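S.K.: Following this message is one structure expressed as structure tokens.
The values are calculated or read from the model by the stated rules, or taken from the named source; none is laboratory data. Given the structure is predicted, the values throughout are model-derived calculations rather than measurements. Don't worry about glycine lacking a Cβ; one is built from the backbone with ideal geometry, like all the others, and counts go over all protein chains shown. The protein model used for the area step is the full one, side chains on, heavy atoms only, and it has no ligands, DNA or RNA in it. Shrake-Rupley method; radii C 1.70, N 1.55, O 1.52, S 1.80 Å.
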Amino acid sequence: MAGMTGKKMITGTVVSDAMEKSVTVLVERTVLEPEFKKYVRRRKKFMAHDEKNECKVGDTVMIRECRPLSKRKCWRVHSIIEKATVY
């Protein structure tokens, strides 16, 4: 695809889909703590644009960086990796 070079792509879990055409994605990573030499989890939430409103809470999605779409939203949902299981 043209124009996608150099765009960051990260994987996370949808934690909120209450907004219209937007989702909140929680990205979790492990980092080596330099002082104590232990691995710790770091979490960050990203706002992502979901054009078709197809993401639901619990879905694992891949998001990619894009131009700023609003004050806090500069990521787009690229693909849904795994749908959430419904009980």
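S.K.: Mind checking the stretch 36-66 for chymotrypsin sites (Phe, Trp or Tyr not before Pro) that DSSP puts in a loop (not H, G, I, E or B) and that have at most 15 other Cβ atoms within 10 Å?
M.R.: PHE36
S.K.: If I compute solvent accessible area with a 1.4 Å probe over the protein chains, what percent of it on the chain is carbon and sulfur?
M.R.: Taking all protein chains in place, the chain shows 53 percent carbon and sulfur surface.
S.K.: Any idea which of PRO34, THR24, THR60 is furthest toward the positive side of the dipole for the chain, if Lys and Arg beta-carbons carry +1 and Asp and Glu beta-carbons -1?
M.R.: Highest projection toward the positive end goes to PRO34.
S.K.: To the nearest 20 debye, what charge dipole does the chain have about its Cα centre, counting +1 at the Cβ of each Lys and Arg and -1 at the Cβ of each Asp and Glu?
M.R.: That gives the chain a dipole magnitude of about 380 debye.
S.K.: Moving on to the next point. Give the lysines whose C-alpha is closer than 27 Å to that of LYS71, dropping any in the same chain fewer than 8 places away, or say none.
M.R.: LYS7, LYS8, LYS21, LYS44, LYS45, LYS52, LYS56
S.K.: Right, next: Once you list every other residue whose beta carbon is under 14 Å from the beta carbon of VAL40, what net charge do they have if Lys and Arg are +1 and Asp and Glu are -1?
M.R.: +4
S.K.: In terms of the Cα gyration tensor, with a ≥ b ≥ c the square roots of its eigenvalues, is the stretch 1-50 rounded because a/c is under 1.5, prolate because a/b exceeds b/c, or oblate?
M.R.: oblate
S.K.: Now for a different question. If packing is taken as the mean number of other Cβ atoms within 10 Å per residue, what is the order of 65-71, 49-55, highest first?
M.R.: My ranking of the peptides, most packed first, is 49-55, 65-71.
S.K.: Taking the Cα of MET9, stepping 7 Å toward and past its beta carbon, and measuring to each backbone N in the stretch 56-76: which are under 12 Å?
M.R.: In the stretch 56-76, the label zone of MET9 (backbone N under 12 Å from the point 7 Å along Cα→Cβ) covers 62-65.
S.K.: What net charge is computed for the residues neighbouring GLU51, neighbours being all others with C-beta under 10 Å from the C-beta of GLU51, Lys and Arg scored +1, Asp and Glu -1?
M.R.: Values: positive: LYS21, LYS52, ARG76; negative: ASP50, GLU54.
Taking every other residue near GLU51 into account, the sum is +1.
S.K.: Within the set of other residues whose C-beta is less than 15 Å from the C-beta of ALA84, count the net charge using Lys and Arg as +1 and Asp and Glu as -1. Write down the numbers at each step before the final one.
M.R.: On the way: positive: LYS56, LYS83; negative: ASP17, ASP50, GLU54, ASP59, GLU82.
That sum, taken over residues with Cβ under 15 Å, equals -3.
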